[in-house]
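Presented below is the structure to which this report refers.
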Amino acid sequence: MPIDPREPYDNDNIFAKILRGELPCNKVYEDEHALAFHDIRPQAPVHVLVIPKGAYVSWDDFTAKAEDGEIAGFMRAVGHVTRELELDEPGYRLMINMGTNGHQEVPHLHVHIFGGRQFFQMIAD
Ligand code: AMP
């Protein structure tokens, strides 16, 4: 079920528990701003999620409330992960689902990194 992005941050969402170490993850990268780990139900040969360490429900919440340094650090972390995974050549796809129409299911901002094959259709029906 997609989340309602107007709801306040839920400290018990799955990614909050992963950040606190209460649930395991298959970690790819971590720094002061971000944690990256493999998606549990991969939809591409490479499917990694990058999440900010701060408590942000969504992309909208993050871009409205996060400090500039957090935003810059998070964006740099995404770039670092894609390079570390050697996806920059021949390329990859980033996706952020936001709210109900975006069909966001976990109420903590996450960037999907898809790689390992070529993608064609931009939006599936
Ligand atoms: P979204 O629909 O954008 O909210 O995507 C949520 C993603 O989180 C999905 O691709 C799920 O497979 C993934 N996911 C859910 N629980 C976990 C988990 N415990 N570890 C890793 N990925 C997860």
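Tabulated data for the structure shown
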{"quantity": "Residues that are without any contact (Cβ under 8 Å) to a residue 60 or more places away in the chain, within 16 Å of the ligand (Cβ to nearest atom), open to solvent by 40 Å² or more (accessible area, probe 1.4 Å) and closer than 25 Å to ASP12 by Cα, drawn from segment 66-100", "calculated": "MET95, ILE96"}
{"quantity": "ALA34, sole failed condition from (1) of a type in the set (A, V, I, L, M); (2) more than 13 Å from the ligand (Cβ to nearest atom); (3) over 18 Å from THR82 (Cα atoms)", "calculated": "(3)"}
{"quantity": "Output for segment 108-125, where each listed residue is in contact (Cβ under 8 Å) with a residue 24 or more places away in the chain and either near the ligand (Cβ under 8 Å from one of its atoms) or of a type in the set (S, T, N, Q) (or both)", "calculated": "HIS110, HIS112, GLN118"}
{"quantity": "Selection from segment 1-36 of residues that are crowded, with 18+ Cβ neighbours inside 10 Å and aromatic (Phe, Trp, Tyr)", "calculated": "PHE15"}
{"quantity": "Any hit, segment 82-93, residues being assigned to a strand (DSSP E or B), within 14 Å of the chain's Cα centre (by Cα) and at pLDDT 95 or above", "calculated": "yes"}
{"quantity": "Residue check for LYS53: surrounded by 11 or more Cβ atoms within 10 Å (Cβ to Cβ), touching a residue at least 24 places away in the same chain (Cβ under 8 Å), over 24 Å from GLN121 (Cβ atoms) and among the basic types (Lys, Arg)", "calculated": "yes"}
{"quantity": "Any hit, segment 57-73, residues being touching a helix residue (DSSP H, G or I) at 6+ places or on another chain (Cβ under 6 Å), hydrophobic (A, V, I, L, M, F, W, C) and modelled with pLDDT of 95 or more", "calculated": "no"}
{"quantity": "In segment 37-65, the residues that are away from the ligand (no atom under 11 Å from the Cβ) and under 10 Å from the mean Cα position of the chain (by Cα)", "calculated": "VAL50, PRO52"}
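The values are calculated or read from the model by the stated rules, or taken from the named source; none is laboratory data. For clarity, every value in this text was computed on a predicted model and none was experimentally measured. With ideal geometry, Cβ positions are generated from the backbone for all residues, glycine too; neighbour counts draw on all protein chains shown. Side chains included, ligands, DNA and RNA excluded: accessible areas come from the protein's heavy atoms. Shrake-Rupley method; radii C 1.70, N 1.55, O 1.52, S 1.80 Å.
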